[in-house]
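These notes are about the structure you will find just below.
The values are calculated or read from the model by the stated rules, or taken from the named source; none is laboratory data. What you see is a predicted model; the values in this text were computed from it and never measured. No Cβ is skipped: glycine too gets one built from the backbone with ideal geometry, and neighbour counts run over all protein chains shown. All accessible areas refer to the heavy atoms of the entire protein, side chains included, with ligands and DNA or RNA removed. Shrake-Rupley method; radii C 1.70, N 1.55, O 1.52, S 1.80 Å.
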Amino acid sequence: MMNLRRVSPRRKIALTVLAVLLLRYMFSLSGTMFDPPYSTLVSDRNGELLGARIAADGQWRFPPADTIPLKYKICLIRFEDRYFRHHPGVNPLSLGRAMIRNVKARRVVSGGSTITMQTVRLMRRRKRTYLEKFVEAILATRLELSCSKEQILALYASHAPMGGNVVGIGAASWRYFGHGAASLSWAEAAVLAVLPNSPAMMHFGRDREGLLRKRNRLLHRLLDANIISRTDYELAVAEPLPAHPHPLPQIAPHLVTRVHGQNPGNHIRVTVDRHIQVRTEEVLDRWNGIFSQNGVSNLAALIVDLKTNEVLAYGGNAGFAANASGSRVDIIHSPRSTGSILKPFLYCAMLQEGVLLPAELLPDVPVNINGFSPKNFSLKYDGAVHADEALARSLNVPSVISLRRYGVPKFHDFLKRAGLTTLNRPADHYGLSLILGGMEGTLWDIAGAYAAMARAVTDYNRDGTYRERETFRLLRDQPSAERRRDESPLFNAGAAWLTLQALTNVNRPEELDWHFIPSVRRVAWKTGTSYGFRDAWSIGVTPEYLVAVWTGNASGEGRPGLTGARTSAQVMFDLFNLLPATGWFETPYGELVEAAVCRESGLLRGMYCPESSVDTILLPAKGLQGAVCSHHRRIHVSDDGRYRVYEQCAGSRGIRSVSWFLLPPSWEWYYRQRHPGYRTLPPFSPECLSGNQSEAVMQFIYPYPGAVIKITKQLDGSRGRAVFELAHRKPSARVFWHLDGDYLGETSDIHQKELSPDAGEHSLTVVDEDGSSLTIKFGVE
């Protein structure tokens, strides 16, 4: 025997450490005790289950819970291990009693295992033998040293077999009773307590009476022990066993699938509000039923609380449960053609840089820009339209002309900064079509940009500063990051506020006149329709909420009548009606200045703008650098106002100076058709016809100067013709046409000529009866 007196101090320390490590190994457990795959659970902001996805091994096994319901705990201990609170993991009396019974029966009729030992057996998943029973007993004591009694109960409850492919009381409660474990009745808790002892009994169609007897015996024990009252007992035994398995909730299924893909095997709490989500899905299903009659199968929506930037409802698509066409596609994160939904960002960007004034008059006439010929949805033109009205009516031509003025590369960069992640090509790839659906975007990204614009106003109004842009929050347990001050904000509060004001006047009389719908709330909103009627968008904001909707076919198939105003906008306003009413955006006076502008042109007041046409409005500070009105001109007319005159030729007609609102001829030709009050310039008096008539009297509508046009073949193979069109201030004037010096003929009233010029460069000249002339050059492919 070793003489301890001769052992060196170092050896004593080493032996002591070795003994401690040996004891720790024998009487404690470390590492992950259970490592099976778990189902993915997704709960709403209040902990209510939205949906789940089965574990990788095909089992409904919910992630372990920290606690278990009191009723189940009482039933389990009373049925499996009455002395659970008192033994160290092993109950020798139970083991001895079980051994005697097994010897007498000459087969295994009782195991004698404690709940702790059964937990170890579930952990090890080994064949049941006497040797394994001994190992379980040793490990049970180690488990008792490693975990509290409550933790052991929770481990057992989460991993006990409950019949079929159901494991644990969490999954069993939903599959058998259709609700969570926290709501278990005494009868339900008793069923789940006795089930792991004979899990096959839960097979629908097998020994149901045997399961019922076991449950009722346990309930009677609870009655005898005065744990439940006679009334509780009678109510419990009267409860029938579940007749069939219940499906798990399928609320926000696309969100559940998305979370499962990103966080499999976990219980994730999201920001969605179950009540709002359910009502949102009801609205989507109702409208989807209507739209599907026109062959439109898919519909998605997003609702966001702008105060917290948290998603309240996530409708990835309608018809998920019915497995309708394309219904499994999560549209919220699917790139789709944007249509006109990006126009407010161009308007806001131009406002805050002083490139555009809020109501500046923009041309709305046919144009051809390097072969690109945008057209308005109505296929009509106003000649000239105020910028805010053009945005509200979503006119395409003014938007394209504005983008050309602002610059495609600048706008491309602006959209990327706004969070549009699908802009993965250079700016010149998109060109001017960028503003009309030439790019694809997701509902998530575009809604985020609208939210950022709205929050720029509310952030600034709160404390006079801006905060960094943040993406929508979906995970409830994710800590909200501190939004730091942004020294170079993307959206100026003043420009954003003016944009939102313009978007409250959105109207589509050619599609649906919203002014006659009394239930519509005050919302800043915009619609969009992609080419070919494939995608219909509608996004609206108030100070507190954002609602974004997309309608269409996931396959990309277009349908007649599939427009933003007729489909998505109606859904959007129905969803806003689910939310509490809110106030309106306060005016960010600190980011706006007052300026005098011409009411008719929308430009800064010019020297010839009459006092009666001048308004004082708010605009961003850089707007003071904007253009001055050039449409009001000073002209001289006769005393009766019938003629224009000059001082040297007025004679007896008299002369007086007036301010006259004058548009370019091509604008004027369309403008006066919609504005009967517009006055064209009076003609020169006969005595002044030889005077200096400096202003333009003619302007080509088509082709655009420098345009390159294509002449296509007819069905019979002959060469086609192009219609050249001219606007004249005096429509009845005779105009003489010349192509490359060759006389073509004359027109009056309607100044149009059908021509078929050869390929190459050409020069077209027109001369009116008063001698005024105009020449343009164009090319033919």
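Can you tell me which residue is surrounded by the most Cβ atoms within 10 Å (Cβ to Cβ) among those in the range 724-745 that are over 23 Å from R672 (Cβ atoms) and of a type in the set (D, E, K, R)?
This residue is D740.
Just need a number here: residues in the range 558-596 that are charged (D, E, K, R) and either assigned to a helix (DSSP H, G or I) or without any contact (Cβ under 8 Å) to a residue 24 or more places away in the chain (or both). If you could, list the steps in order and put the result at the bottom.
Step one: filter the range 558-596 for residues charged (D, E, K, R), giving 559, 566, 574, 586, 591, 594.
Adding the requirement that they be either assigned to a helix (DSSP H, G or I) or without any contact (Cβ under 8 Å) to a residue 24 or more places away in the chain (or both) leaves 566, 574, 591.
The qualifying residues number 3.
Tell me yes or no: at least one residue of the range 701-713 is within 23 Å of S373 (Cα to Cα) and without any contact (Cβ under 8 Å) to a residue 40 or more places away in the chain.
To start, the set of residues in the range 701-713 that are within 23 Å of S373 (Cα to Cα) comprises 701-713.
Add one more test, that the residue is without any contact (Cβ under 8 Å) to a residue 40 or more places away in the chain, and what stays is 712-713.
Yes, the range 701-713 contains a residue that is within 23 Å of S373 (Cα to Cα) and without any contact (Cβ under 8 Å) to a residue 40 or more places away in the chain.
Tell me the residue from V311, V400, V304, V329 that is open to solvent by 10 Å² or more (accessible area, probe 1.4 Å), farther than 18 Å from V506 by Cβ and among the β-branched types (V, I, T), please.
None of the others qualify; the one that does is V329.
Out of all the residues in the range 553-569, which are under 20 Å from N317 (Cβ atoms), buried (at least 22 other Cβ atoms within 10 Å of the Cβ) and either polar (S, T, N, Q) or touching a helix residue (DSSP H, G or I) at 6+ places or on another chain (Cβ under 8 Å) (or both)?
L562, T563, T567, S568, A569
Could you please let me know if L774 is under 26 Å from S718 (Cα atoms) and assigned to a strand (DSSP E or B)?
The answer is no for L774.
Specify which of the listed residues (R258, R328, R269) is part of a strand (DSSP E or B) and within 23 Å of D445 (Cα to Cα).
R269
Give me the strands (runs of 3 or more DSSP E) completely within the range 597-692, filtered to those with at least 3 residues that are within 20 Å of P358 (Cα to Cα) and free of Cβ contacts under 8 Å to residues at least 24 places away in the same chain, ordered by residue number.
Because the criterion is at least 3 residues that are within 20 Å of P358 (Cα to Cα) and free of Cβ contacts under 8 Å to residues at least 24 places away in the same chain, the strands (runs of 3 or more DSSP E) in the range 597-692 that meet it are 614-619.
Within the range 239-267, work out how many residues are closer than 20 Å to H179 by Cβ and touching a His at 6+ places or on another chain (Cβ under 9 Å).
1
Of the residues that make up the range 604-618, is at least one open to solvent by 70 Å² or more (accessible area, probe 1.4 Å) and closer than 20 Å to A349 by Cβ?
Checked against the condition, which is being open to solvent by 70 Å² or more (accessible area, probe 1.4 Å) and closer than 20 Å to A349 by Cβ, the range 604-618 yields no hits at all.
Within the range 97-120, which residues are surrounded by fewer than 20 Cβ atoms within 10 Å (Cβ to Cβ) and either touching a Gly at 6+ places or on another chain (Cβ under 8 Å) or modelled with pLDDT of 70 or more (or both)?
R97, A98, M99
All but one of (1) within 18 Å of K73 (Cα to Cα); (2) surrounded by 15 or more Cβ atoms within 10 Å (Cβ to Cβ); (3) polar (S, T, N, Q) hold for N165; state the number of the condition that does not hold.
(1)
Going by the conditions given, is D428 more than 22 Å from S538 (Cβ to Cβ) and within 24 Å of the chain's Cα centre (by Cα)? Break it down into steps so the answer makes sense when it comes.
Values: more than 22 Å from S538 (Cβ to Cβ): yes; within 24 Å of the chain's Cα centre (by Cα): no.
Considered against the rule, which asks whether it is more than 22 Å from S538 (Cβ to Cβ) and within 24 Å of the chain's Cα centre (by Cα), D428 comes out as no.
So, E188, is that one under 15 Å from L76 (Cβ atoms), under 42 Å from the mean Cα position of the chain (by Cα) and among the acidic types (D, E) or not?
yes
How many residues does the range 42-72 contain that are of a type in the set (K, R) and in contact with a Leu (Cβ under 6 Å, 6 or more places away or on another chain)?
Of the residues in that region, 1 qualify.
Restricting to the range 632-648, and then to whatever is open to solvent by 20 Å² or more (accessible area, probe 1.4 Å) and not charged (D, E, K, R), can you tell me which residue is modelled with the lowest pLDDT?
Q648
Please note which helices (runs of 4 or more DSSP H) are completely contained in the range 417-510 and include at least 1 residues that are open to solvent by less than 10 Å² (accessible area, probe 1.4 Å) and closer than 20 Å to N309 by Cβ.
The helices (runs of 4 or more DSSP H) meeting that bar are 443-463, 493-503.
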